[in-house]
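These notes concern the structure reproduced below.
The values are calculated or read from the model by the stated rules, or taken from the named source; none is laboratory data. Predicted, not measured: the structure shown is a model, and the values here were computed from it. With ideal geometry, Cβ positions are generated from the backbone for all residues, glycine too; neighbour counts draw on all protein chains shown.
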Amino acid sequence: MATILDIGHLAPNQMFYGVFLPFIIILVIFFSVLQMTRIFRDRKINLILSLAITLLVSATPAFNILSTTLARYAGYTALIAFFLVFIFGIITWGIRRGVEYGRGTLVEVERMRKEVRKLQDRLHREGNPDRRMALAREINEKKRILEELSTYT
């Protein structure tokens, strides 16, 4: 790997992978660290400071060490980061989905209880025996569904 001072002696392929790409990666790393630590609130100051630090580092042998190390482990790091984010996403999605399902079931149970109460009130006020029989069957059916829903909550 070359430093930024050796740019004139490199082929375009070597220049891209040996100088430009590590320079951009180190710049992004410094910029993101400055953004996350919020030492300076302004993005422009963070960008100028990270550019200055990257230019200073790129003229030293530390640039070679950083660029070879980043190139060697970037693939593994990206793969591990992807799997961690993927697994974390699946877990949080499952937890949120379970909470939504539980809430939906509780809402449905409460709605069904209100319906049963209304039907029971109508049953007590109803004078027609045939209509009372139909209401009693409907109440029993709703109670059966309510018991099934209650087992899930």
message: Just to be sure I understand the filter: pairs with C-beta atoms under 6 Å, separated by 6 or more residues or on different chains, first member in the stretch 19-40 and surrounded by 15 or more Cβ atoms within 10 Å (Cβ to Cβ), second member small (Gly, Ala, Ser) and outside any helix (DSSP H, G or I). Which pairs pass?
response: VAL19/ALA2
message: Here is a check on your reading of the model: is VAL107 aliphatic (A, V, I, L, M) and at pLDDT 85 or above?
response: no
- line: In the stretch 65-96, anything surrounded by 11 or more Cβ atoms within 10 Å (Cβ to Cβ), out of contact with any helix residue (DSSP H, G or I) (no Cβ under 9 Å at 6 or more places or on another chain) and either hydrophobic (A, V, I, L, M, F, W, C) or in contact (Cβ under 8 Å) with a residue 40 or more places away in the chain (or both) is listed as ILE65, ILE80
query: Counting only residues that are out of contact with any helix residue (DSSP H, G or I) (no Cβ under 6 Å at 6 or more places or on another chain) and either assigned to a helix (DSSP H, G or I) or surrounded by 14 or more Cβ atoms within 10 Å (Cβ to Cβ) (or both), how many does the stretch 50-64 have?
result: 7
field: Selection from the stretch 28-73 of residues that are closer than 24 Å to MET15 by Cβ and of a type in the set (Lys, Arg)
entry: ARG72
- request: Tell me which residues, restricted to the stretch 53-68, are polar (S, T, N, Q) and farther than 12 Å from GLY18 by Cα.
  value: THR54, THR60
message: Anything in the stretch 121-146 that is of a type outside the set (D, E, K, R) and surrounded by 14 or more Cβ atoms within 10 Å (Cβ to Cβ)? List them, or say none.
response: LEU123, LEU135, ALA136, ILE139, ILE145, LEU146
- request: Identify, by number, the condition in (1) surrounded by 12 or more Cβ atoms within 10 Å (Cβ to Cβ); (2) at pLDDT below 90; (3) of a type in the set (A, V, I, L, M) that VAL99 doesn't meet.
  value: (1)
